[in-house]
Number of protein chains: 2
Amino acid sequence: MTMTPTPNPTPPPRIDVRLSSVILAVSGDCPHVVCVDDRGADALPFGPLEATADRTLELAVRRVVREQTGIELGYVEQLYTFGDLGRAPAPVPAGRVISIAYLALVREQDVAAQQSVTWRDCYALFPWEDWRAKRPDLLDQQIEPMLREWAGMNDTRRERTDIAFGLRGTPWDDSRALERYELLYEVGLVAEHFQDRQEPAERNLGRPMTLDHRRMVATALGRLRGKLAYRPVVFELVPSSFTLGRLQEVVEALGGRTLHKPNFRRLVEQSGLVEGTGEFETRTGGRPAELFRFRREVLRERPAPGVVPPAGR
Amino acid sequence: MTMTPTPNPTPPPRIDVRLSSVILAVSGDCPHVVCVDDRGADALPFGPLEATADRTLELAVRRVVREQTGIELGYVEQLYTFGDLGRAPAPVPAGRVISIAYLALVREQDVAAQQSVTWRDCYALFPWEDWRAKRPDLLDQQIEPMLREWAGMNDTRRERTDIAFGLRGTPWDDSRALERYELLYEVGLVAEHFQDRQEPAERNLGRPMTLDHRRMVATALGRLRGKLAYRPVVFELVPSSFTLGRLQEVVEALGGRTLHKPNFRRLVEQSGLVEGTGEFETRTGGRPAELFRFRREVLRERPAPGVVPPAGR
DNA sequence: TTTAATTATACTCATATAGAGAATAAATGC
DNA sequence: GCATTTATTCTCTATATGAGTATAATTAAA
């Protein structure tokens, strides 16, 4: 409480540490992410890390999210720590912002409707990531031509664009969502490229967010897609009892790709991930589907229980 | 330069942000990690993050490592951000320390001998992780009995110990190195458990390090082991030209497991990861081995080019 | 100079997994 | 009762994996 002069003649520029969360749920057939309002723009829930308040970072994240949105998180994992300079428009806070980003998975139905939070469709943010209906048109029409122009004859750039966007014979890899977003940022196809330079947005693919928040969502999406293959994370997104059809729909929503139904069933059943409950769901139309539950014991049985086959070698 | 009174009546406790690096190489048949001396104890190279000095965190890491050890890093990836309270002995800096940890892979022969750095054998740190010769005795003799006692009839604890250490029929999973170290810390089998409580170490498995640095190495080892299956990271650890025997030796060193030689060869060759150079190495004893090089183009051909088969489902 | 030891490389075979499609089952709406 | 819808089961093929065995090209020893 005393007003002391700083002992330090040149107080160093501040480093702000904040916690940001990508809170994901699948409702219907779309993955959604929680956004809060930041002066009219979409932002992820975030708050400052306090020096002594929480024993672990994860507890701090839970508190920040609870306080800002009222949501009580279940599954939480650390995603990545961002701290580049120049990823914020000019009236930057003096010094540097470090954002420790977390991924949280929730069941949308479990989350009570909250004050001032919006669920935003992930594929509104990244329309080029949803291949379920078909390969998105904007890849051929807008993205590829620009990428090719940008890469030119530069081998490093060509390799990057080929691998990220599956060009020239390279297969499309779901889990490279971050690489794709970063490339679009560099090339100048997303609004944040211009925001950060305080220029009017010439091109504007997908719905933008404040600062580097869309980058964090891209990180989350890529990480989650990769993880589906070797950890039973989908079960964090469905109720305790579900049909295999629903499980598949959720996996497809996350992966942005459709799967062969009989093969999905075979994989999930024979991997020991689920067991039938003997109960059935009577939905409109069609044969009733059996309800299944997640078998936690599978964790003891197999080292890498996933719900999609690992990407081909 | 002016001495101004702090505008803030209660200056908040500080948060220190530092960058730590797990620098890994394989020499002979052992993975080694770079340590610096911290008052007689082993520490990872680390330094403070400066607010405005480096554009990206990765550049900051490279600078910190260069300044502290003289090593010029090649492959670098962000590992994890640590910030728990109470993972440091009592004269803690007022407030909180956030460590952003990075994993760097180097070819030991490329690294000029540096002032005051020590290469430490990873399996001196984690003797329970090396299964190459045989399942380590200390698992049966010391670890399992203590874990069983600690878990007792508690289902959550039993599940954790079973999965981490492959107990009661669960298979041993290489990549759970962090979970194992964390469990040993909780149970009180490693020296850091006692250091952090300022008690004399009753039990002391493996070589300890300062603060939570051994935890960071465990994180690195686990992450790297997992990554071998789907990214061609081993090639960061061998010279540009190598025999398949050497490649296998490096993979085995990292994984802590031996592999079937003909199968390893088949996997690596048919995955398109390498191509023969037509040159041969004449080593002492045995038939001369062909020298191979890494085929960078493989990145364009397959989504997940790894050097060990993914863990069974 | 054969012989043994050593390391590299090639081949074999059973089994598991993945991808794709066809066939059957159990409901609903007309 | 019949078309429609969704669930579930089956089949077939190609490829990947795990575990052996056999052969090749060296060096060191007898």
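On the stretch given as segment A:31-41, residues that are surrounded by 15 or more Cβ atoms within 10 Å (Cβ to Cβ) and either under 26 Å from A:Val251 (Cβ atoms) or out of contact with any Ser or Thr (no Cβ under 9 Å at 6 or more places or on another chain) (or both) total 5. Considering the conditions (1) more than 11 Å from the chain's Cα centre (by Cα); (2) under 18 Å from A:Ser271 (Cβ atoms), A:Leu254 is excluded by exactly one of them, (1).
If you go through segment B:40-61 and pick out every residue that is more than 14 Å from chain A (Cβ to nearest Cβ) and touching a residue at least 12 places away in the same chain (Cβ under 8 Å), you end up with 6. Restricted to segment A:201-217, and to residues that are among the hydrophobic types (A, V, I, L, M, F, W, C) and under 18 Å from A:Ile98 (Cα atoms), which residue is surrounded by the most Cβ atoms within 10 Å (Cβ to Cβ)? Among those that are among the hydrophobic types (A, V, I, L, M, F, W, C) and under 18 Å from A:Ile98 (Cα atoms), it is A:Val217.
A single entry from B:Arg176, B:Arg158 fulfils the requirement of being crowded, with 20+ Cβ neighbours inside 10 Å and within 12 Å of chain A (Cβ to nearest Cβ): B:Arg176. None of B:Arg246, B:Arg257, B:Arg231, B:Arg203 is outside any loop (DSSP other than H, G, I, E, B) and either within 14 Å of chain A (Cβ to nearest Cβ) or farther than 30 Å from A:Asp173 by Cα (or both) except B:Arg246.
Pairs needed: first member in segment B:190-209, in contact (Cβ under 8 Å) with a residue 12 or more places away in the chain; second member anywhere, of a type in the set (Phe, Trp, Tyr); C-beta distance under 7 Å; at least 6 residues apart or different chains. Short answer, once both residue conditions are applied: B:Glu192/B:Tyr185; B:Glu202/B:Phe194; B:Gly206/B:Phe126.
For the condition within 30 Å of B:Leu167 (Cα to Cα) and acidic (Asp, Glu), what is the one hit in B:Asp54, B:Asp121, B:Asp42, B:Asp110? Criteria check complete, one pass: B:Asp121.
Of everything in segment A:238-265 that is free of Cβ contacts under 8 Å to residues at least 24 places away in the same chain and loosely packed, with under 13 Cβ neighbours inside 10 Å, the residue that is nearest to DNA strand D (Cβ to nearest atom) is A:Pro262. Return yes or no: is B:Leu237 within 14 Å of another protein chain (Cβ to nearest Cβ) and under 27 Å from A:Ala164 (Cα atoms)? Considered against the rule, which asks whether it is within 14 Å of another protein chain (Cβ to nearest Cβ) and under 27 Å from A:Ala164 (Cα atoms), B:Leu237 comes out as no. Of all residues in segment A:179-198, those satisfying the criterion of being farther than 18 Å from A:Leu85 by Cβ and either among the β-branched types (Val, Ile, Thr) or surrounded by fewer than 19 Cβ atoms within 10 Å (Cβ to Cβ) (or both) are A:Glu179, A:Val187, A:Gly188, A:Val190. Applying the selection to segment B:95-115, what residues are within 14 Å of chain A (Cβ to nearest Cβ) and not β-branched (Val, Ile, Thr)? Result: B:Gly95, B:Arg96, B:Ser99, B:Ala101, B:Tyr102, B:Leu103.
Which residues, counting only those in segment A:266-293, are loosely packed, with under 11 Cβ neighbours inside 10 Å, more than 8 Å from DNA strand D (Cβ to nearest atom) and away from chain B (no Cβ under 14 Å)? Those that are loosely packed, with under 11 Cβ neighbours inside 10 Å, more than 8 Å from DNA strand D (Cβ to nearest atom) and away from chain B (no Cβ under 14 Å): A:Gly278, A:Thr282.
Scanning segment B:294-312 for residues that are more than 9 Å from chain A (Cβ to nearest Cβ) and surrounded by 18 or more Cβ atoms within 10 Å (Cβ to Cβ) returns B:Phe294, B:Val307, B:Val308. Does B:Pro232 satisfy the criteria of being under 25 Å from B:Tyr80 (Cβ atoms) and within 16 Å of DNA strand D (Cβ to nearest atom)? Taking the combined requirement at face value, the residue satisfies it. Looking across segment B:62-83 at every residue that is surrounded by 17 or more Cβ atoms within 10 Å (Cβ to Cβ) and in a loop (DSSP other than H, G, I, E, B), the one that is farthest from the other protein chains (Cβ to nearest Cβ) is identified as B:Ile71. Filter segment B:1-33 for residues that are among the hydrophobic types (A, V, I, L, M, F, W, C) and either at pLDDT 50 or above or touching a His at 6+ places or on another chain (Cβ under 9 Å) (or both) and give the result. Listed by number, the residues that qualify are B:Ile15, B:Val17, B:Leu19, B:Val22, B:Ile23, B:Leu24, B:Ala25, B:Val26, B:Cys30, B:Val33.
Summed over segment A:263-300, the residues that are within 11 Å of DNA strand C (Cβ to nearest atom) and assigned to a helix (DSSP H, G or I) give a count of 7. In segment B:217-230 there is no residue matching the filter, namely being more than 30 Å from B:Leu184 (Cα to Cα) and either touching a residue at least 60 places away in the same chain (Cβ under 8 Å) or away from DNA strand C (no atom under 11 Å from the Cβ) (or both). Taken together, A:Ala104, A:Ala53 contain a single residue that is closer than 30 Å to B:Thr219 by Cβ and surrounded by fewer than 20 Cβ atoms within 10 Å (Cβ to Cβ), which is A:Ala53.
Residues of segment B:15-39 that are more than 14 Å from chain A (Cβ to nearest Cβ) and among the acidic types (Asp, Glu): B:Asp29, B:Asp37, B:Asp38.
For segment A:134-147, the count of residues that are surrounded by 18 or more Cβ atoms within 10 Å (Cβ to Cβ), without any contact (Cβ under 8 Å) to a residue 12 or more places away in the chain and either in contact with a Leu (Cβ under 6 Å, 6 or more places away or on another chain) or not hydroxyl-bearing (Ser, Thr, Tyr) (or both) is at least one.
The values are calculated or read from the model by the stated rules, or taken from the named source; none is laboratory data. Every value quoted in this text rests on a predicted model; they were computed, and no experiment measured them. Because the Cβ atoms are built from the backbone with ideal geometry, glycine has one as well, and the counts that use them run over all protein chains shown.
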